[in-house]
Amino acid sequence: MNITMIGTGYVGLVTGACLAEFGHSVICMDKDESKIEKLRQGEIPIYEPGLDALVAKNVTDGRLSFSTDMGESVRSAQAVFIAVGTPSSRRGDGYADLTYIYAAARDLAPYLRDYTVVVDKSTVPVGTARQVERVVREANPDAEFDVVSNPEFLREGAAINDFMRPDRVVLGVDSVRAAEVMKDVYNPLYLISTPFVITGLETAELIKYASNAFLSLKISFINEMANVCEAVGADVIDLAKAVGLDGRIGGKFLHAGPGYGGSCFPKDTLALLRIAQENGVAVRSVEAAVEINAAQKARMVKKIRDALGGSEAGKTIAALGLTFKPETDDLRDSPALTILPPLLEKGARIQAHDPQGMKETAKMFPDFIYVKNAYEACENADAVVLFTEWNQYRALDLQELKSRMKSSIFIDLRNVYSPKQMKDAGFEYFGVGRG
Ligand code: UGA
């Protein structure tokens with residue numbers, strides 16, 4: 001099957017490479033010439049484990065290619081995916097900016113030949129698929145096509161596995177014919193008995209927001225429980241484990257921490273609130289999740305300040321991890337980059353390390369000091385703060401670390417270490433929700 005992916009960002013590139021791996025012939029198309037040129041040279045613009053090898057393999061096998069030419073890309077395709085960005089609008093009001101989606105729809109329309117399915121892959125507000133349909137129809141009244149909503153559920157850092165072994169595939173369709181094409185697209189998943197949820201366009205669009213909102217809610221819930229644990233001397237790890245063992249609740253996404261970040265939860269929760277508001281409905285649970293998340297980040301600033309004896313002025317903080325989670329170079333809405341700036345402003349010196357995120361962080365925060373590894377970050381530090389649970393921070397040589405530090409304060413915002421282990425190693429240890 002011939003498939004075209006419009007947009008070679010995170011979602012477009014992962015989806016394109018994985019569909020090529022399924023055996024389809026895929027063209028990844030982008031207007032950005034330098035990006036396409038780099039991709040042709042084998043340069044992958046994002047850090048995602050396994051993606052470079054998957055792209056290289058499928059390019060070599062002749063199933064994956066890159067193009068800036070919309071006509072060439074769309075003419076022979078049976079399915080055209082729109083996977084362009086939907087950033088939060090510049091007004092900062094939570095609305096998703098759909099400019100790129102509609103531009104892609106308008107631009108692809110003239111090249112539709114035989115029956116084609118136009119697939120909305122980007123996360124978009126309810127009603128967008130119908131709007132895309134109108135835009136394509138206006139631009140090419142004779143085109144024979146259907147629009148499908150096919151939300152993605154890829155986690156950065158685990159995207160390929162999430163694509164190849166998903167919990168479910170959601171297809172919002174208006175016609176049986178479109179559903180049949182989409183089943184062909186995902187045939188390998190059909191064969192491994194992946195559940196397919198086939199529904200209307202609006203429902204599919206809302207499923208994506210509801211899923212991300214519910215996961216955000218789970219995180220905010222456990223973060224509040226962590227705060228209760230700290231107040232009463234309980235341990236949130238044991239609590240989350242026991243609560244999560246109830247099959248009705250489930251143990252995933254119950255890790256207390258500095259609050260969620262990334263390009264999805266913060267943006268999608270706000271977009272869902274806007275959708276609800278526009279339709280005269282309140283979603284108070286999600287409103288609360290958003291508020292709790294902001295409060296959690298502020299609470300982490302205070303946690304660090306308190307651990308430093310009430311003031312960060314003149315103190316050196318070793319910051320381990322800058323990205324919003326491990327195995328990605330994504331810094332968008334990263335908790336570290338919300339928590340560190342107020343400390344810097346009040347006179348702290350920040351010695352930072354991250355395996356993937358330092359180059360970009362340096363552009364935003366030139367006043368941090370960037371070092372080669374966790375141990376260098378701890379040189380003369382008054383406190384070390386673990387922000388992101390990269391594997392290389394999970395088994396640190398604690399004695400080596402301590403010997404480099406001025407004091408022995410360890411603030412573990414991801415609960416990687418156990419309080420006992422840290423006490424035994426001579427650290428003054430602060431976790432999240434650990435008594
Ligand atoms: C999220 C969803 O998990 C994907 O299913 C979805 O497809 C994607 O958004 C998207 O909409 O494109 P992602 O943002 O890559 O994926 O990362 P997550 O693993 O979900 O983590 C999000 C944030 O929550 C991170 O800051 C992480 O540290 C935090 N988190 C996660 C916690 O604080 N506690 C947890 O228990 C889990």
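Note on the stretch 116-162: percent of Cα-Cα distances in each 5 Å bin, starting at 0 and stopping at the bin with the largest distance, equals 5, 20, 24, 17, 13, 9, 7, 4, 0. With all pairs of separate Cα atoms included, the stretch 133-287 yields a Kirkwood hydrodynamic radius of 18.3 Å. Ranked from largest, the principal axis spans of the Cα set of the stretch 229-345 equal 50, 35, 30 Å. So if I average 1/r over every pair of distinct C-alpha atoms in the stretch 215-430 and take the inverse, what Kirkwood radius in Å does that give? This gives a value of 18.0 Å.
Reported to the nearest whole Å, the Cα centre-to-centre distance from the stretch 80-120 to the stretch 213-270 is 34. Couplings for the stretch 409-422, taken from phi via the Karplus curve 6.51 cos²θ - 1.76 cosθ + 1.60 with θ = phi - 60°, read 8, 10, 10, 10, 6, 10, 6, 6, 9, 9, x, 5, 4, 6 Hz in order; Gly and Pro are left as x. Accessible surface area normalised per residue over the stretch 204-356 is 43 Å², counting heavy atoms of protein chains with a 1.4 Å rolling probe.
For the chain, the calculated P(r), taken from all Cα-Cα distances in 10 Å bins from zero up to the bin holding the longest distance, is 4, 20, 28, 24, 16, 7, 2, 0 percent. Plainly put, the stretch 2-199 has a radius of gyration that is 0.94 times its Kirkwood radius, both from alpha-carbon atoms, as the Rg/Rh ratio.
May I ask you to give the percent of accessible area on the chain that is carbon plus sulfur, with a probe radius of 1.4 Å? Carbon and sulfur atoms account for 51 percent of the accessible area of the chain.
Legend: residue pairs LYS31/LYS267; LYS38/LYS252; LYS38/LYS267; LYS183/LYS208; LYS218/LYS302, Cα-Cα distance threshold 31 Å; pairs beyond threshold, LYS38/LYS252. Of all DSSP bridge pairs formed entirely within the stretch 314-435, close to 0 percent run antiparallel.
What helices in the chain pass both tests, a Cα length along the helix axis of 18 Å or more and a mean Kyte hydropathy of -0.5 or higher, using whole DSSP H runs? In the chain, the long hydrophobic H runs are 201-232, 265-278, 284-307.
Computed across the stretch 1-74, the Kirkwood radius stands at 11.8 Å (inverse of mean 1/r, all Cα pairs). The phi torsions of the stretch 155-165, fed into the Karplus equation with coefficients 6.51, -1.76 and 1.60 and a -60° offset, translate into couplings of 8, 4, x, 9, 5, 5, 4, 4, 6, 6, 9 Hz, rounded to whole numbers, with Gly and Pro shown as x.
The values are calculated or read from the model by the stated rules, or taken from the named source; none is laboratory data. Since the structure is predicted, the reported quantities are computational estimates derived from the model, not experimental observations. Just so you know, the surface numbers come from the protein's heavy atoms only, side chains and all, with ligands and any DNA or RNA stripped out. Shrake-Rupley method; radii C 1.70, N 1.55, O 1.52, S 1.80 Å.
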